[in-house]
Structures are given as C-alpha cells and as structure tokens.
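Written below as structure tokens is the structure these notes are about.
The values are calculated or read from the model by the stated rules, or taken from the named source; none is laboratory data. Computed from a predicted structure; not experimentally measured. Neighbour counts run over all protein chains shown; Cβ positions are idealised from the backbone, glycine included. Note: areas computed on protein heavy atoms with side chains; ligands, DNA, RNA excluded. Shrake-Rupley method; radii C 1.70, N 1.55, O 1.52, S 1.80 Å.
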Amino acid sequence: MRISLTTPMQEVGTLSAALGSIPVAIGTPPVKISGIATHTKELQAGDLFVALSGARYSGNDFVAEALSRGAVAVLTEQELPPLGGNYWVLRVKNIERALLLAAGMRRRLTKARVVAVSGSTGKTTVKEIIASLLLKAGTVRKSEGNFNSTVGMPLSLLQMEDADYFVLEVGINHAGEMEPLAKMLAPELAVLTNVGSAHIGHFADAKELLQEKLKLSVGQRGEDIFLLADSIPHDACLGVHSRMMRVGAGEGADFQLKNIINGKKGVCADLWHGERSITGLKWHIPGSIGMSCLAIGGAVGILFGLSDEAVRSGLLQAAQHSPRMKMLQIAGMHVIDDTYNASPEAMVTALETLAYLSKGACAAVLGDMGELGMLADTLHDAVGECAAHSGISELFTYGNYSEVMAKGALRGGMPPQRVHAFPFGGEQELVAELLRVVPRGATVLFKASRKTALERVIEALGREL
C-alpha cells in the first residue's frame, strides 16, 4: 500500500507532530516527505516507510531495503540498528494509533463534508456510487480501491487533496476497531449498507458484530445523518444519537423503493421520500444487490439536493466503476466474475442475481469464505444448501470447505452427479470437469473470498481456449 501525501502533511515537522513522534535525523535528510508506503516493493524515492510488524515478521527487517529504494524516513515502534544514509526516524508506541492521529489532523484541516461507508458487503460499490453522485454537486476525493482497514483508511485520508466532499470506506475485522475510526472521521453522513456474517469469526456472536458496526455513528453530531438498511432492527440502534434514516423496500423505510422490476438487464425502480419521488432509477445488477445500490444512491442524491436527472446519470456512471459481477465471455460461456470478495449473505445474493442473468443453463463455482471462525462449517454448509435451491444445474465447490459446501448441496436435494468438489490446487481438474459437463452458452458464476484466489480458475479456463 502506498499513498502520496497532501501538501500540508509533507513537511517532516508537521507530519511527525501529527504522528505523535519526535523526528530524529540520521545524516542530512530532506525536510519533505512525498509519500507513505507500507511495503518496500511499492515504495518510491522520497517516501516514509511504515515498518509494520506481524505475528511472523518485524517491519524493521525491511528498513535497509526501504532505504536502498530511496526512503527518506522510517516510522517504527522499535529502536533501529545503526544504518548508513540520510533519513529520519519517527518512533512511536503504536503505528496504527499514530496513523490515526495524523489522519485526525488531516480531517481537522479540511472543510470537506465527510461521508463514511461501512457494512458487511457492498462497501466499495456504494462508495463509488456516492462519489459519482457527489461529483454532480462539487469536487470529490475518495478512498482508493478498498483501502478501508485500520491502516488503509487513515492513509486514504492523508493523501486526499482538499475538495468539497471526502468519501471514505471503513472496514473492521475485530471488536474495538470501529469507534476510533468513526471518532476521527466524524462523518456528516454515515452509511451502513448491511450487517451480515462477514468477519463474524472474530466476534462473540452476531449481536456483538452488529453493535460494532453501529459504532460508525459515534463521531457524529445530533444533526448528522446515519443512513442504514431497513433490515437492521430498530431495537438494536438504541445507542445511536445521530439522525437515523432507513433505506429499502419495506413500508417503514424513509427512502422506499417502489415499482421494482428485475430482469436480465438489471433492476429498475422508483424511490420515494415523503412527497418526492425519483422514477426510473437503474442499476446493471438485478436482485438484492442492485436494489440496495438504487436505494442508497437515490437517498444520498436526495439528501445532498441533487436533481432527479443528476441521480439517474450519477448511478449510470458509477456502474462503470463497480467491482461486482464482471461479465466475461470465456470458452463459449457467459462468465460472471464476482471473485472480488464473499460472505454468506453475498453468496446468497450472487446466486439470486445469477438466476436473473442466466439465459438458459447456469452453474456456480463457489470457493471458501474467510474469517467465519467456529461458524465456518455451518455457514459453508448453509451456502451449499442455498445453492441447491437456487436453480443452478451444476455446482462446483473449491477450497478447504469444498466438501462441506458439497454436503450442504446434497442435503438440499441436489443430485450427486451435479455436485463437484475440488480442493485447493485442483484448478485444472475443476476446469476440465466444468468444460465436460457445462454446455456452451451457459452462464457460470464464480464467487469466493479474495484470499481464495478463485480468479486463478477463471484464468485456467481461459487458457483452455
């Protein structure tokens, strides 16, 4: 991960003060830092190298390499051994906390209105939608890719040049992570797309996970708005003190979708808020995924005073940047590449979308979902059972939980000859079986968590042409 620093933060004195450190000069280093890098391979000359450490490595082991690549400063929690060169040493007790402090200074220096987006699924897509819509109202800076972690999100903020709006994605994996991020951001608008089972393995139960997500609002004032899915129970939100507004197709939603039409070309719906309605909103992905995008996008457009046409065109432009459901033509098949990420809920909605998009025979290649903890077997089994009821003709499972998902599909009534399980490393065998049993012209969904690297199976399928 690498970012370029904004002008106010490039001075060593300013940056080190923001990080809570006292700069120590080794030799005669320059007084400005151009960027921040967490990996030596991404580092550029003039950067500060962040010496992050993990369970099996120390970031200090890579400092010499960073300096050889042109780093002019090092952020570290440990004492450095003597090294030749000209560079600054910025030593702190906790790197994540230091980056958060620096990002907090950047937040205080800007007059931009801040929008924070979190949720179990759909964060990156919704961030792109909001950024696209707000371009209709002014200048926008957004977090790049999915830089949303306790390190990535502060770094995203540090690289943002001044604008009318900042749109940032916030992702958390463990209890206690959301509150400091939310307090630092203090968003005028917080958006919670949904709360499902993603990362539930790091929490005591679903209730604790939900409460952690709801802390996205802790940095807000009473007049700030917390926009959340109408599926989140009201009684779970008693600790939220900002202005809650709900989006969805339910009768109690403040922004309610009506006249919903799902089909192969996506979803079309009208959005109502009080006496105002925006008709003919469109998103290219049908089903629950697309409906959520329309509801949140339309709501944000209304809240920021955009015209109906600006909301419609903003949604169409955002669709071009969506990482979800990439449509490919490979080996005579219609391939849906949704290998970007996965959770149990995202698997279910992807299978729903597949049913809308398929033009005949359809199949699914489903891989492992990460960070489910003790519920991993149960949730993979449930996804397999859901796949059996989704209308697909063939199911291919891949990874460490391939047999678990396969058993769920069999219990769901899927014929054994239509369920194919493959372990990690079995890409070629999976591709051969897929080509053998799936007819040309069929639509095939590929979905798994990012760490599963299911895109390797798609690449292997392409090599068979």
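Trypsin sites (Lys or Arg not before Pro) within region 262-306: which are DSSP loop residues with at most 14 other Cβ atoms inside 10 Å?
Sparse-neighbourhood loop trypsin sites (Lys or Arg not before Pro): Lys264, Lys265.
Restricting to region 203-342, what percent of DSSP beta bridges are antiparallel, rounded to 5?
70
Apply the Karplus curve 6.51 cos²θ - 1.76 cosθ + 1.60, θ = phi - 60°, to the phi angles in region 330-335 and return the couplings in whole Hz, x for Gly and Pro.
So the J values, rounded to whole Hz, are 9, 6, x, 10, 8, 9.
Hey, rough spin-label estimate for His174 and Arg2, points 7 angstrom out along Cα→Cβ, what's it come to in nanometres?
Result: 2.9 nm between the two label points.
Multiply the residue separation of Glu459 and Ala55 by 0.36 nm, subtract the distance between their alpha-carbon atoms, and state the gained length in nm to one decimal.
That works out to 142.2 nm of additional length.
Once a ≥ b ≥ c are taken as the square roots of the eigenvalues of the Cα gyration tensor of region 164-263, is the result rounded (a/c under 1.5), prolate (a/b larger than b/c) or oblate (a/b not larger than b/c)?
Note, shape of region 164-263 comes out oblate.
For the chain, with all protein chains present and a 1.4 Å probe, just round the carbon and sulfur fraction of the accessible area to a whole percent.
Using a 1.4 Å probe with all protein chains present, the chain comes out at 52 percent carbon and sulfur.
Report the full-extension gain for the segment Arg243 to Thr279: residue separation times 0.36 nm, less the Cα-Cα distance, to one decimal in nm. Walk me through the numbers on the way to the answer.
Details: separation 36, 0.36 × 36 = 12.96 nm, distance 2.57 nm.
Full extension from Arg243 to Thr279 adds 10.4 nm.
May I ask you to derive the relative contact order of region 297-365, considering only C-alpha pairs under 8 Å and at least 6 residues apart, and to give it as an integer percent?
So the answer I get is 16 percent.
Using only protein heavy atoms and a 1.4 Å probe, report how much of Trp272 is accessible, in Å² to the nearest 10.
90
If I model a spin label as a point 7 Å beyond the Cα along the Cα-Cβ vector, how far apart are those points for Val24 and Asp164 in nm?
4.8
May I ask you to rank Leu375, Leu227, Leu83, Leu210 by accessible area, largest first, using a 1.4 Å probe over the protein chains only? Mind dumping the intermediate values first?
Working: Leu375 75, Leu227 0, Leu83 50, Leu210 25 Å².
Result of the area sort, largest leading: Leu375, Leu83, Leu210, Leu227.
Might you work out the accessible area of Arg456 for me, using a 1.4 Å probe with all protein chains in place, and round it to the nearest 10 Å²?
Solvent-accessible area, nearest 10 Å²: 100 Å².
Just by accessible area at a 1.4 angstrom probe, what is the order of Ile22, Ile285 from largest to smallest?
Final ranking, largest accessible area leading: Ile22, Ile285.
What Kirkwood hydrodynamic radius do you get for region 145-198 when you take the inverse of the mean 1/r over all pairs of distinct Cα atoms, in Å?
It is 12.2 Å.
Looking at the chain only, what percent of DSSP beta bridges run antiparallel? Nearest 5 please.
Roughly 30 percent of the DSSP beta bridges within the chain come out antiparallel.
Express in nm, to one decimal, how much length is gained between Glu42 and His321 on full extension, taking 0.36 nm for each residue of separation and deducting their alpha carbon distance.
98.1 nm
Over the heavy atoms of Cys293, what accessible area does a 1.4 Å probe trace out, to the nearest 10 Å²?
Surface open to solvent at Cys293 totals about 10 Å².
Among the GluC sites (Glu not before Pro) in region 175-273, which ones are in a DSSP loop with at most 12 other Cβ atoms within 10 Å of the Cβ? Mind listing them?
Numbers: sites: Glu177, Glu188, Glu208, Glu212, Glu223, Glu251; in loops: Glu177, Glu188, Glu223, Glu251.
In loop regions of region 175-273 (DSSP not H, G, I, E or B), the sparsely surrounded GluC sites (Glu not before Pro) are Glu223, Glu251.
Run the simple label-point estimate for Ala137 and Arg97 please: 7 Å along Cα→C-beta, distance reported in nm.
Result for the modelled spin labels: 3.6 nm.
For region 1-144, what does the alpha-carbon gyration tensor say about shape, rounded, prolate or oblate, given a ≥ b ≥ c as the root eigenvalues, a/c under 1.5 as rounded, and a/b over b/c as prolate? Walk me through the intermediate numbers first.
Details: a/c = 2.20, a/b = 1.77, b/c = 1.24.
Prolate.
Once you have a ≥ b ≥ c as the square roots of the Cα gyration tensor eigenvalues for the chain, tell me rounded if a/c is under 1.5, and otherwise prolate or oblate according to whether a/b is larger than b/c. All intermediate terms of the calculation are to be shown ahead of the outcome.
On the way: a/c = 1.97, a/b = 1.33, b/c = 1.49.
Oblate shape, in that a/c is at least 1.5 and b/c is the bigger or equal ratio.
By DSSP, what percent of the beta bridges with both residues in region 314-465 are antiparallel, rounded to the nearest 5? Walk me through the numbers before you get to the answer.
Details: 5 of 24 bridges.
Percentage antiparallel, nearest 5: 20.
Using only DSSP helix segments of four residues or longer, with each worth -39500 (n - 2.57), what per-residue ellipticity at 222 nm results for the chain after dividing by its residue count and rounding to 500? Don't jump to the answer; show the numbers that get you there.
Values: 14 runs with 151 residues, N = 465.
It comes out at -10000 deg cm²/dmol, rounded to the nearest 500.
Of all trypsin sites (Lys or Arg not before Pro) in region 103-161, which ones are in loop regions per DSSP and have a Cβ with at most 11 other Cβ atoms within 10 Å?
On the way: sites: Arg106, Arg107, Arg108, Lys111, Arg113, Lys123, Lys127, Lys136, Arg141, Lys142; in loops: Lys111, Lys136.
Taking region 103-161 and a limit of 11 other Cβ atoms within 10 Å, the loop trypsin sites (Lys or Arg not before Pro) found are Lys111.
Provide the per-residue ³J(HN,Hα) series for region 157-164, in order, calculated from phi with Karplus coefficients 6.51, -1.76, 1.60 and θ = phi - 60°, each as a whole number of Hz, with x at glycine and proline positions.
Per-residue couplings from phi come out as 5, 5, 8, 7, 6, 4, 7, 6 Hz.
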